[in-house]
Amino acid sequence: MKLASKELILKILGFCALPLIWYLMADVFSLSSPLLFPTLKSVLTRLCNILVSESFLIDFSHTVYRWMLGFSLGVITGTFCGLIVGMSINVRKFIEFPLEFLRSMPVTAIFPLFLIVFGIGDPSKIAMAFTPTFLLMLVNTSYGVTLADITRRRMAFVFGASQQDIFFKIITMDALPQIFVGLRLALSQSLIVTVVSEMFIGTDYGLGQRVYDSYLTNSITSLYAFLIVLGIIGYLINKALLMIEKRYIFWTAK
Amino acid sequence: MIQIRNLSKSYILKGITKNILDNINLDVAEHSFTTIFGPNGCGKSTLVNIIAGLDTATSGSIQSTTDLRNNLGYVFQDYRRSLLPWKSVKENILFPLRLKRVSNVHCEKSLAEIIELTGISLDLKQNVFSLSGGQAQLVCILRALIVRPKLLILDEPFAALDYEKTIFLRELISSISKKLALTVLFISHDLDEAIYLGDQVIFLTNAPTKIDNIVKIDLPFPREQNLTTSKEFIIYKENALEYVKRAFSFN
């Protein structure tokens, strides 16, 4: 069997394994209480109903708006600051302690602080998505800049590159793979924090709020259906980013 | 072309001054091929890096009849890491011209000319990360030559290549340097290579590095690999071995 087709079969099996186990346990053998672990069929039916409902689009767009705004702001500012930190050993030493301190603090634990500063509206949720993104981008970008190959910098210098050329054409390009590592980590972290902030802080619209509502109303099939939706969103966005990475950072896999 | 006078280099490590280069005096004539031979870690690369402007001397002077900053080609020992993996073979070769904002038409013309002059054939669209060691080094050589440098520095360019590739590239560098009338500084820790390529061989001592001897090699060009088995070559090598024995135990 060819390696590619073997890989494809394994991927399909991996994709089917979880639903199959669920189906056998809940639908066929009824091994657990439907209140705790509903049948796959009922969850999928509920999922279809949610996906075609008008309210889903509103919840989805609100969550994505908070997530993407926080994420984008974090990426822009974090990458910019990371480039500065990476370029200067003095700034790096100066920022080391505060950065490590902030990174060690779970963002979800400081959500009351966000409430005090930004209130209970969207700004606090966006700020919560922004924070881990900013920190992850700052750390990974500065790390990428620090690791940028010295031989390439010297080569560019020898051939007459200005400091600006070396920064944009060598250092930034060399840092790109590590910047993408930060992007992927930040993307999933910011989604988690956005959903958690919607659950903790509360909102009229948002997928996190729907998950929490389902829990409060004991609607277990809805709870599972919303969790599947969140899983699919995270998975697809991560896959899209991986495809972009493969297309534009093609040399890192070699 | 290049006059190096009383050049010294030292640095302070944990409060202790470490001398790398000690009072180097050297003349490099225009269109000459100078090989620099010395033990590992003696400061050969430091010397050429100072000439190239990549490092600074603690004292002494380097004078040149041409502006080295704009007339320099450099082939690094770590050739793979000197290439830009996000660019194709063609764009890596053209990189120095792109830095000088040379027009596309002129870039294409320069590329065609240098390929014709050197006789090197490469798949220009290929990504550099998929090249073999020898091909990657050819890209580096073309990149150094495309600026039509007056001075070409090669820092142990064949150290990581197999014997077959090394032989091929030695002959290529030897013929190109004469064809393009280049002034070449070539670092080597291979005695055969140093004699085979050079018009003159500079023998360096262990650190703190001094010049132990400068030997003129009066062997005819073009040189081919069978020269290394000739009587004249062996005499040069026997004499050189004496300098090496003395130079390496200089201190």
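Show me the helices (runs of 4 or more DSSP H) found entirely inside the range B:14-106 where at least 3 residues are touching a helix residue (DSSP H, G or I) at 6+ places or on another chain (Cβ under 6 Å) and open to solvent by less than 20 Å² (accessible area, probe 1.4 Å). Spell out the reasoning first.
Details: elements: B:44-52, B:79-82, B:89-99.
In the range B:14-106, B:89-99 are the helices (runs of 4 or more DSSP H) which contain 3 or more residues that are touching a helix residue (DSSP H, G or I) at 6+ places or on another chain (Cβ under 6 Å) and open to solvent by less than 20 Å² (accessible area, probe 1.4 Å).
Looking only at the range B:1-21, filter to residues that are touching a strand residue (DSSP E or B) at 6+ places or on another chain (Cβ under 8 Å) and over 18 Å from B:Cys42 (Cβ atoms); which one of those is modelled with the lowest pLDDT? Checked the range B:1-21; the qualifying residue modelled with the lowest pLDDT is B:Met1. All of (1) within 14 Å of another protein chain (Cβ to nearest Cβ); (2) open to solvent by 10 Å² or more (accessible area, probe 1.4 Å); (3) in contact (Cβ under 8 Å) with a residue 40 or more places away in the chain hold for B:Ile153 with one exception: (2). In the condition set (1) surrounded by fewer than 16 Cβ atoms within 10 Å (Cβ to Cβ); (2) at pLDDT 90 or above, A:Pro34 is compliant with all but (2). Taking the range B:205-220 as the range and being of a type outside the set (Val, Ile, Thr), modelled with pLDDT under 90 and in a strand (DSSP E or B) as the test, the residues that pass are B:Asp212, B:Asn213.
In the range B:168-182, the qualifying residues are those that are under 9 Å from B:Pro222 (Cβ atoms) and polar (S, T, N, Q), and the one that is surrounded by the fewest Cβ atoms within 10 Å (Cβ to Cβ) is B:Ser175.
I'd like to verify a number: residues in the range A:25-47 that are on the phi > 0 side of the Ramachandran plot and either of a type in the set (Val, Ile, Thr) or in a helix (DSSP H, G or I) (or both), how many?
So the count comes out to 0.
Hey, could you check the range A:136-158 for residues that are at the interface with chain B (Cβ under 7 Å from one of its Cβ atoms) and among the basic types (Lys, Arg) and say which is nearest to A:Met105 (Cα to Cα)? That would be A:Arg152.
When the residues of the range B:214-251 are narrowed to those that are more than 19 Å from the chain's Cα centre (by Cα) and within 21 Å of B:Ser8 (Cα to Cα), which ends up least open to solvent (accessible area, probe 1.4 Å)? Result: B:Ala247.
Within the range A:233-254, can you find the residues that are part of a helix (DSSP H, G or I) and open to solvent by 80 Å² or more (accessible area, probe 1.4 Å)? Spell out how you get there, then give the answer.
Keep residues of the range A:233-254 that are part of a helix (DSSP H, G or I), which gives A:233-248, A:250-253.
Selection gives A:Tyr235, A:Leu236, A:Lys239, A:Met243, A:Lys246, A:Arg247, A:Tyr248, A:Ala253.
Picking from residues in the range A:159-203 that are free of Cβ contacts under 8 Å to residues at least 24 places away in the same chain and more than 14 Å from every other protein chain (Cβ to nearest Cβ), the one that is farthest from A:Gly78 (Cα to Cα) is A:Met199.
The values are calculated or read from the model by the stated rules, or taken from the named source; none is laboratory data. Note that this is a predicted model, so its numbers are computed, not measured. We place every Cβ from the backbone using ideal geometry, glycine too, and count neighbours over all the protein chains shown. Areas reflect the complete protein model, heavy atoms only, side chains present, ligands, DNA and RNA absent. Shrake-Rupley method; radii C 1.70, N 1.55, O 1.52, S 1.80 Å.
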